[in-house]
Amino acid sequence: MELRFFNALIWDGEKLFRGELRTEGDRISYISPVSTMDYRDWDREIDCGGNLIMPSFKNGHTHSPMVFLRSYAEDLPLQEWLTDKVFPAEAKLTDDDCYKLTKLAVAEYYSGGTTYCCEMYGHTRAVADAFVDSGIAATVTEGILNFDGTPSQIEKRVDESVEYYSNFPARVRYGLSVHAQYTCSDDTLGAVRNAQRRHWLPLFAHMSETRREVGSCVKQTGMTPIAYLHSKGLFEYGGAGFHCVHATDEEIDIMASSHVAAVTCPCSNLKLASGIAPLAKMKERGVALGIGTDGAASNNALDMFRETYLAAVLQKYATNDAAAMGAQYVLSAATSASVYGFEGADRLARGAYADFVMLDLHAPNMSPGNDVLNDVVYAAGKHNVLMTVSGGKIVFDHGAIDVGEDYEQLRDECAAIARRIADASRR
Ligand SMILES: [Zn+2]
C-alpha cells in the first residue's frame with residue numbers, strides 16, 4: 001500500500017511545518033515541507049486541506065477485553081465492585097469472547113486516534129490474535145499472579161510465551177507483567193525474576209494505585225510496593241509502573257535510577273477515588289512518563305484525548321502551579337511507545353512506522369488556531385479525528401472503522417456476549 005498525504009500541517013513530534021507525508025508498506029517513506037514531483041500510481045492520494053497530521057496516540061495501560069463491563073456496575077466501593085461484580089463476570093469469559101471484545105476495543109482505539117496499546121489481561125493468545133488481525137501495534141502482557149501456579153509453572157509459562165511470540169509479526173510482541181505486588185507472593189516474584197534474567201525482560205505492573213494497597217504492603221513487608229519490587233531485583237531491566245498514584249519520594253528516585261516509567265491513568269484514578277499521581281515531581285526527577293486509559297470497566301472510555309487533558313490539568317491543580325506540565329510534554333508522552341519497548345513510532349520520520357492521525361482543524365473547537373498543540377491537549381476530542389493510519393493502513397476514515405471484519409456485526413456480537421454474561425451472573 002502506498003499513500004500520499006499532501007497539503008497538511010504536520011507535527012512530527014518535535015516541530016510543526018506545512019508539507020507532505022508518504023507511506024510505503026507499514027513505514028513512512030517521505031516526510032518534508034517540500035512537495036516533489038512523483039507520478040507514482042498511489043493507492044490513495046489525500047488532500048489534507050490544511051488539517052493536522054501528527055503521531056497517533058499510544059495507550060500505555062489497558063485491559064482491552066474489559067469493554068464488556070463498560071457501565072455494567074457503577075458507583076460502588078472499589079472492593080465490592082471488584083469482588084462482587086468484576087471477578088465473577090470475568091470468570092465466564094471464553095477465548096472467543098476475548099477475541100471479539102478485543103477487536104471492539106481496537107475499533108474504539110482507532111476511532112480515537114490510537115494505534116498502539118500496552119495490554120494486560122488473561123486469554124492472552126486470543127487477545128494477541130485480535131491485535132494481529134486488526135493491525136494495531138501492541139505489547140501483550142498477561143498480569144501474572146499467584147493463581148497462575150507454582151514458581152516452576154510460572155517460569156515455564158514465561159519461557160513458552162517468549163517462544164510463542166517470537167513467531168509473531170514485529171508489531172505485536174510479548175511483555176512480562178505481574179498483576180501487582182499484593183497479588184504475588186515472594187515465590188511468584190522470585191519465579192518472575194528468574195524468567196526475566198533468562199530473557200532480559202523489563203517488568204510491567206500495577207504499582208501503588210491505592211492507599212489501601214500501599215498500607216497493606218507496608219504492614220506485611222515494612223516497605224512500600226515500588227520499593228519492595230525493587231528490593232526483589234525486578235527492575236534490573238527497567239520497565240513501567242501503571243498508576244503510581246501514591247509513589248513516595250524514595251520510590252520516585254528508584255524509578256528514575258532503574259528506568260521504570262510511570263504510566264498514568266488519570267480518569268480511572270479519579271473515578272475509583274484513588275488519587276492524583278505525582279507526575280510533576282516525577283518529571284523533575286527524571287522518571288519517563290506514559291499515559292493510558294486502564295480498562296473500560298473503570299474509566300469508562302478508551303479515549304486518549306481525555307487522559308492527556310487530565311494528565312496536564314490535574315498536575316496544575318495538585319501542585320498549585322498553572323505552569324506545571326506543558327502541553328507539548330504531555331502530548332509527547334501520550335504519543336510515545338518507546339517507554340514500553342516499542343520503538344520507531346514516537347516521531348513521524350522517514351523509516352518510522354506509518355502510525356499517525358489526521359485531526360480536523362476546521363472544527364469550531366479548534367478555531368482560530370492560536371496554538372495547534374495547545375488546542376490538541378486542551379480543546380480537542382476524538383470527534384476531531386478524521387483519519388487514523390496504523391502500520392500504513394487507513395483503519396479509521398471519516399467515521400468508517402476497519403478492524404478486519406464488519407464493524408456493525410462485531411458490535412452486535414459483543415453486545416450479545418455482554419448480555420449472556422450479565423444474565424448468567426444474575427442467576
Ligand atoms: Zn489496570
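The numbers here are math on the coordinates, done by the rules we state, and not lab data. Keep in mind the model is a prediction, meaning the values are calculated, not measured. Note that we place each Cβ from the backbone using ideal geometry, even for glycine, and neighbour counts take in every protein chain shown.
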Mind checking which of Ala191, Thr319, Ala105 is farthest towards the positive end of the range 57-340's charge dipole, using Cβ charges of +1 (Lys, Arg) and -1 (Asp, Glu) about the Cα centre? Thr319
Rounded to 10°, Cα long-axis angle of helix 124-134 versus longest principal axis of the chain: 0 degrees
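Using a/c under 1.5 as the rounded threshold, could you call the chain rounded, prolate or oblate? The axes a ≥ b ≥ c are square roots of the C-alpha gyration tensor eigenvalues, and prolate needs a/b larger than b/c, oblate otherwise. Please list the in-between numbers first.
Details: a/c = 1.58, a/b = 1.39, b/c = 1.14.
Because a/c hits 1.5 or more and a/b exceeds b/c, the chain counts as prolate.
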Could you tell me the relative contact order of the range 192-279? Use alpha-carbon pairs under 8 Å, at least six residues apart, and round to a whole percent. 31 percent
Order of 378-386, 163-171, 115-123 by packing, highest average Cβ count within 10 Å first? 115-123, 378-386, 163-171
Run the quick spin-label model on Glu74 and Ala400: label points 7 Å from Cα toward the beta carbon, then report their separation in nm to one decimal. 3.3 nm
Just tell me which aspartates and glutamates come within less than 16 Å, Cα to Cα, of Lys382; anything on the same chain fewer than 8 places away is out. Glu108, Asp303, Glu307, Asp360, Asp397
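I need the peptides 321-331, 183-193, 39-49 ranked by packing, meaning the mean over residues of other C-beta atoms within 10 angstrom, with the highest value on top. Walk me through the intermediate numbers first.
Working: 321-331: 16.7, 183-193: 18.6, 39-49: 12.5.
Taking the mean over residues of other Cβ atoms within 10 Å, the ranking is 183-193, 321-331, 39-49.
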For q = 0.13, 0.16 Å⁻¹, what log10 I(q)/I(0) does the range 198-300 give under the Debye formula with an equal point scatterer on each alpha carbon and no solvent? -0.43, -0.65
State whether the range 12-113 is rounded, prolate or oblate according to the following rule on the C-alpha gyration tensor (a ≥ b ≥ c being the square roots of its eigenvalues): a/c under 1.5 gives rounded; otherwise a/b larger than b/c gives prolate, and the remaining case gives oblate. prolate
To the nearest 0.05, what FRET efficiency results for Phe87 and Arg18 with a Förster distance of 56 Å applied to their C-beta separation? 0.60
Helix-derived [θ] at 222 nm for the chain: sum -39500 (n - 2.57) over DSSP H runs of at least 4, divide by residue count, nearest 500? -11000 deg cm²/dmol
Count of lysine pairs in the range 57-340 with Cα separation under 27 Å (8 or more residues apart, or interchain): 26
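What percent does the relative contact order of the chain come to when contacts are Cα pairs within less than 8 Å and at least six residues apart?
21 percent
Determine the percent antiparallel among the DSSP beta bridges restricted to the chain, to the nearest 5.
Numbers: 28 of 62 bridges.
So the antiparallel bridges amount to about 45 percent of the total.
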What residue among Trp81, Met54, Ser338 has its Cα farthest toward the positive end of the dipole of the chain, where the charges are +1 on Lys, Arg and -1 on Asp, Glu, each on the Cβ? Trp81
Row for the range 320-369, column shape: gyration tensor on C-alpha, a ≥ b ≥ c, rounded if a/c < 1.5 i.e. under 1.5, prolate if a/b over b/c, else oblate; value oblate
Take every Cα pair under 8 Å in the range 64-212 that's 6+ residues apart, average their separations, divide by the length, and report that relative contact order as a whole percent. 20 percent
Lys and Arg at +1, Asp and Glu at -1: add these up for the other residues within a Cβ distance under 11 Å of His230 and post the number. -3
